[in-house]
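Chemist: Encoded as structure tokens, here's the structure I'll be asking about.
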Amino acid sequence: GENVEQHPSTLSVQEGDSAVIKCTYSDSASNYFPWYKQELGKGPQLIIDIRSNVGEKKDQRIAVTLNKTAKHFSLHITETQPEDSAVYFCAASKGTGANSKLTFGKGITLSVRP
Amino acid sequence: NAGVTQTPKFQVLKTGQSMTLQCAQDMNHEYMSWYRQDPGMGLRLIHYSVGAGITDQGEVPNGYNVSRSTTEDFPLRLLSAAPSQTSVYFCASSDRGLNEKLFFGSGTQLSVL
């Protein structure tokens with residue numbers, strides 16, 4: 001089955017700097033890659049997603065890039081703010097049907113230092 | 001619009017007890033799922049439903065039951081709680097499928113002693 005890995009497990013950046021969080025996946029048939037943000041005491045929230053036919057997607061301060069050849073995708077956060085501090089989960093799924101299931105990575109804790 | 005509502009937020013059980021975690025959504029989503037979150041393990045799929053009356057097993061279904069009698073509700077039942085079921089449980093719903101645009105509840109933190 002699919003295996004999604006995130007490294008490192010924690011990341012600390014200075015407010016205003018950029019943060020890059022990387023994920024690798026194992027199944028070359030995977031074609032959908034979302035990122036979820038989980039704040040303390042809350043459920044995960046979708047922040048951005050990308051399909052395998054697109055190399056990059058942006059939404060204000062966040063962007064996701066996909067390298068299908070290397071089987072990795074990255075979340076980029078620019079001009080980080082303290083409210084960006086959270087656990088970030090990447091995930092992957094394959095197939096085109098609605099029954100396709102997600103495989104999540106273990107999560108990365110991002111800390112933004114004021 | 002409340003989204004996905006989970007109750008209770010916290011629960012402590014003794015080994016062997018049973019209980020039901022409640023999940024309700026008011027977005028008329030067809031797809032609902034239950035995940036558990038353990039430290040260093042990410043989110044793992046327990047059970048899912050693609051519509052009222054239709055449920056199936058996910059990655060870690062043992063010790064859990066589900067039913068989907070209405071579009072809105074998707075309760076998760078622990079039949080005989082075990083310490084290995086100590087975890088944070090999240091319910092999610094979507095109108096796009098089991099993998100896309102998931103809306104998560106705020107979770108239930110369960111401890112089994």
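Chemist: When the residues of the stretch A:104-114 are narrowed to those that are within 14 Å of chain B (Cβ to nearest Cβ) and not β-branched (Val, Ile, Thr), which ends up surrounded by the fewest Cβ atoms within 10 Å (Cβ to Cβ)?
Modeler: A:Lys106
Chemist: Kindly establish whether A:Lys42 is under 17 Å from A:Ile108 (Cβ atoms) and modelled with pLDDT under 95.
Modeler: Criteria met by A:Lys42.
Chemist: Let me ask something else about it. When the stretch A:67-103 is examined, which residues are found to be farther than 14 Å from A:Ile47 by Cβ and within 14 Å of another protein chain (Cβ to nearest Cβ)?
Modeler: Across the stretch A:67-103, the qualifying residues are A:Ala92, A:Ser93, A:Lys94, A:Gly95, A:Thr96, A:Gly97, A:Ala98, A:Asn99, A:Ser100, A:Lys101, A:Leu102, A:Thr103.
Chemist: Here is a follow-up. So A:Lys42 fits all but one of (1) farther than 17 Å from A:Gln6 by Cβ; (2) more than 10 Å from chain B (Cβ to nearest Cβ); (3) of a type outside the set (Gly, Ala, Ser); what number is the exception?
Modeler: (2)
Chemist: Pull out all pairs, ordered by first then second residue, where Cβ-Cβ is under 7 Å, the residues are six or more apart or on different chains, the first lies in the stretch B:38-67 and is in contact (Cβ under 8 Å) with a residue 12 or more places away in the chain and farther than 19 Å from A:Asn99 by Cα, and the second is crowded, with 16+ Cβ neighbours inside 10 Å and hydrophobic (A, V, I, L, M, F, W, C).
Modeler: B:Gly63/B:Leu78; B:Tyr64/B:Ile46; B:Tyr64/B:Leu76; B:Tyr64/B:Leu78
Chemist: So, one more: For A:Ala91, indicate whether it is within 12 Å of the chain's Cα centre (by Cα) and farther than 30 Å from B:Val50 by Cβ. Outline the logic, then answer.
Modeler: Numbers: within 12 Å of the chain's Cα centre (by Cα): yes; farther than 30 Å from B:Val50 by Cβ: no.
Answer is no for this residue.
Chemist: While we're looking at this one, here's another question. Consider A:Tyr25 carefully, then state whether it is buried (at least 18 other Cβ atoms within 10 Å of the Cβ), more than 11 Å from every other protein chain (Cβ to nearest Cβ) and either on the phi > 0 side of the Ramachandran plot or of a type outside the set (Val, Ile, Thr) (or both).
Modeler: When the stated conditions are applied, A:Tyr25 passes them.
Chemist: Among (1) more than 29 Å from B:Thr7 (Cβ to Cβ); (2) in contact with an Asp or Glu (Cβ under 7 Å, 6 or more places away or on another chain), which single condition is A:Glu79 missing?
Modeler: Only one criterion in (1) more than 29 Å from B:Thr7 (Cβ to Cβ); (2) in contact with an Asp or Glu (Cβ under 7 Å, 6 or more places away or on another chain) is unmet by A:Glu79, namely (2).
The values are calculated or read from the model by the stated rules, or taken from the named source; none is laboratory data. Keep in mind that what you see is a predicted model, and the values were worked out from it rather than measured. Cβ coordinates were reconstructed from backbone atoms using ideal geometry, including for glycine residues, and neighbour counts include every protein chain displayed.
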